[in-house]
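Here's the structure, in structure tokens; my notes come after.
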Ligand SMILES: Cc1ncc(C[n+]2csc(CCOP(=O)(O)OP(=O)(O)O)c2C)c(N)n1
Ligand SMILES: [Mg+2]
């Protein structure tokens, strides 16, 4: 171990970080300065990466869960030789730079996931560690281990306080993810001051309770860190938490150890003092120690040869296992081939819940798309999401059904990590009303353009007796307003096939499926409806003559609209809106082809009206929910809330 070189790296991280934050006049110098030695140890010695091939599938993953300390990763990625030029460090937090305020997946070479919402990165790391075990189980042979890497993350006090971390840690411990190694930057400082204000629990005991291996050490003791990592690697059955006592902002003579250095520039004066204390010339901004540069020049050669050795092994594996290699190529390709899927088929008049139809579509896809994995937050029987390829567990890494437990937020974060890792297509499931428990993760999936599919069943007051807590009212609308989230609310089993197809073909963002608990009747559709439905909406039932009224309905309300149209004496066209947001993005001509000028427009959806107002002729023309649900049989509730053909017909 070359501690002199590591010290030079740590010094450079401190210098680059404090100067980056100072230049931006905003940001967080405390974490990068406080954890600089760990950064040096990680990028200097521990991580198996190849900056020249940053997408190498078998690289170790490093995730800065405490995303506010972003200059930590930027400094290290630059030093290590990722595609992050020196000039970018000087443009920290500027529009268009590769050094945004928090690490953003897809913007910066070497950044594995978007972090900032505390705890999110931790949950992503759990997902990545699971993905590693899945791919290793699938592709490794006794002769060749083509997948064999670790997942590391750095979490702070904030991450440790967040509930998502507890959920994800509990799951990771249960699953015995031995190749997950978490460093905890225990500086006992958060924004408001000392952690004594709000956080005095024994984190070590907590994680031991989760069935983790826990070690404690000093952030500034390289040997201690290396030994801890070695011990972590020797424990294949438990994830490891390495708690490192540290000093926030270490190196700043007057501010270190205080919350003042958490999220504010040091200031010109203190930067001068700090440079003096660190042995950097007074005006040497963005200083990089020559020893650090020289060290990484050598390190890159070592990384390159390690990578070449893997490639050679990979080629040998590929030629020895041509069938596996074929599957590998399928798994690793971004697009999913659905051409062989034997879709369940239905007849007009069939009556089944879209959750059931969803389950059938999922099974049909899973039979052909062998890298489709997923599960539910303990609601698989209700969500109808179990696929018949065994359970994923500590003992069985080959099972394709995850049991996330009752942990919706972590499920969302873990799903993101599974997807980000590469190689897998991921779905997860819960009741629609609990989508709110995982909303931050859905938002991050969208920001990161991850094609995760959310199966949200029990999508309205038709849930019935469980009452208002279980009856989504605002949930569909609130998912639709997250940019980049495609929300599909299919109206029958055939639309559900299309919805699953849509979700599985998507490569650039999450899809939420809103599915019913109650039965819906399969209705007759015009030729070519699928192509039109891809535009978000299509004419489900045409009337004779010019339509006087057009009903825009989604999901279960399409059946209702068809019945109401039948009862009405007017010329009524029924439009099924599978994806409201997609429909809104169509050109005026398409929208007009469905909603002719002059027609009365009535909207029916068993949710709040927000999102639909622009279409409806007036407020009286919207059949929606104007409050929360009630407990009762769904038939009684439908009457109570006016979701009857008679009532809808009365406003046409
Ligand atoms: C979910 C979430 N809540 C709040 C914040 C705002 N925030 C950013 S950093 C921080 C304190 C974090 O403390 P710690 O993790 O100990 O970081 P340190 O001060 O040690 O750098 C808070 C509350 C956030 N980023 N994410
Ligand atoms: Mg802290």
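The figures follow:
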item	result
Rounded, prolate or oblate (a/c below 1.5 giving rounded, otherwise prolate when a/b exceeds b/c) for the range 399-535 by Cα gyration tensor	oblate
Cα coordinate range in the range 379-450, projected on the principal axes (Å, largest first)	32, 29, 17
Acute angle (nearest 10 degrees) that the helix 556-567 long axis makes with the longest principal axis of the chain, alpha-carbon atoms	20 degrees
Fraction of alpha-carbon pairs over 28 Å apart in the range 55-199 - percent	25 percent
Acute angle (nearest 10 degrees) that the helix 322-332 long axis makes with the longest principal axis of the chain, alpha-carbon atoms	80 degrees
Exposure proxy order (Cβ contacts within 10 Å, fewest to most) of 58, 196, 218	196, 218, 58
Tensor-based shape of the range 163-296 (alpha-carbon gyration tensor, a/c under 1.5 rounded, otherwise prolate or oblate)	oblate
Tilt relative to the chain, helix 70-80 - C-alpha long axis, 0 to 90 degrees, to 10	60 degrees
Footprinting exposure proxy for 458, 68 (fewest neighbouring C-beta atoms within 10 Å first)	68, 458
Along each principal axis, Cα extent of the range 494-636, largest first, Å	43, 43, 28
Fewest-first sequence of 87, 495, 581 by Cβ atoms within 10 Å of each Cβ	87, 581, 495
log10 of Debye I(q)/I(0), alpha-carbon scatterers only, for the range 150-192 at 0.24 Å⁻¹	-0.88
Alpha-carbon spread of the chain, three principal axes, descending order, Å	87, 59, 46
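Throughout, read-outs are computed from the coordinates displayed, never taken from laboratory work. Just so we're clear, the structure is a prediction, and the values are computed from it rather than from any experiment. Backbone-built Cβ (ideal geometry, glycine too); neighbour counts: all protein chains shown.
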